[in-house]
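Novice: What follows is a single structure, and I will ask about it in a moment.
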Amino acid sequence: MIVYLDENCFQRGFDDQNHLRIKMEALACQDIFQRAEAGELDLVWSFMLHDETLQCPFPERKVAILRLSTICRVKVGPNENIYNHSVRIQKEYSLSVKDAIHLACASYIKAELFLTCDDQIIKKIKRLENIEILNPIDYIRKEV
């Protein structure tokens, strides 16, 4: 199964773990990374994830996320199809440019899941083509 993780999933382990939801999302993301390392999932690393990671102002996060990127078996570089699709997604669902690019990348590589901790994305769009859009906690709940 090909799974595209939003940048916030890679970052979640570094967020304030005193909040129960954040801690649960961090644990769900950790489980997903372990499943990928075990070969149960194919995670995606896109040019947009790489760009957002490089913009991270915290060096320790940046290094840790770049290490995590090495378990991602599917790589996506920029191309015109992704750009055009992201423009359509942005307009249709009123998403940010970055969120639309992430979803366009997921669509381009035919991911089955797009996981995000961003409630706004999930509220605006539950499914894009054949991609189910979920919070990592909800994904783990479905798998158990």
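The numbers here are math on the coordinates, done by the rules we state, and not lab data. Since we're looking at a predicted model, the values are computed, not measured. Methodologically, a virtual Cβ is constructed for each residue, glycine included, from the backbone with ideal geometry; neighbour enumeration extends over all protein chains shown.
Novice: Would you mind putting 31-43, 15-27 in packing order, based on average other-beta-carbon counts within 10 Å, highest first? Write down the numbers at each step before the final one.
Specialist: Details: 31-43: 16.1, 15-27: 13.9.
Peptide ranking by packing, descending: 31-43, 15-27.
Novice: Contour minus end-to-end for Lys23 and Lys126, with contour as 0.36 nm per residue of separation and end-to-end as the Cα-Cα distance? Walk me through the numbers on the way to the answer.
Specialist: Details: separation 103, 0.36 × 103 = 37.08 nm, distance 2.33 nm.
The Lys23-Lys126 span can extend by a further 34.8 nm.
Novice: My understanding is that a pair violates if its Cα-Cα distance is over 23 Å; which of Lys62/Lys91; Lys91/Lys142; Lys62/Lys98 do that in this structure?
Specialist: Working: Lys62/Lys91 31 Å; Lys91/Lys142 31 Å; Lys62/Lys98 18 Å.
As for pairs spanning more than 23 Å Cα to Cα, those are Lys62/Lys91; Lys91/Lys142.
Novice: Next up: Run a plain Debye calculation on the stretch 62-144 (Cα atoms as equal point scatterers, no solvent) and give log10 I(q)/I(0) at q = 0.10, 0.19, 0.27 Å⁻¹, rounded to two decimals, same order as the q list.
Specialist: -0.26, -0.92, -1.36
Novice: Could you list, bin by bin from short to long, the percent of Cα-Cα pairs of the stretch 2-143 in 5 Å steps?
Specialist: For the stretch 2-143, the pair-distance distribution reads 2, 10, 21, 24, 22, 14, 6, 1, 0.
Novice: Before rounding to the nearest 500, sum -39500 (n - 2.57) across all DSSP H runs of length at least 4 in the chain and divide by the residue total; then give [θ] at 222 nm in deg cm²/dmol.
Specialist: Values: 8 runs with 81 residues, N = 144.
My calculation for the chain gives -16500 deg cm²/dmol from helical runs alone.
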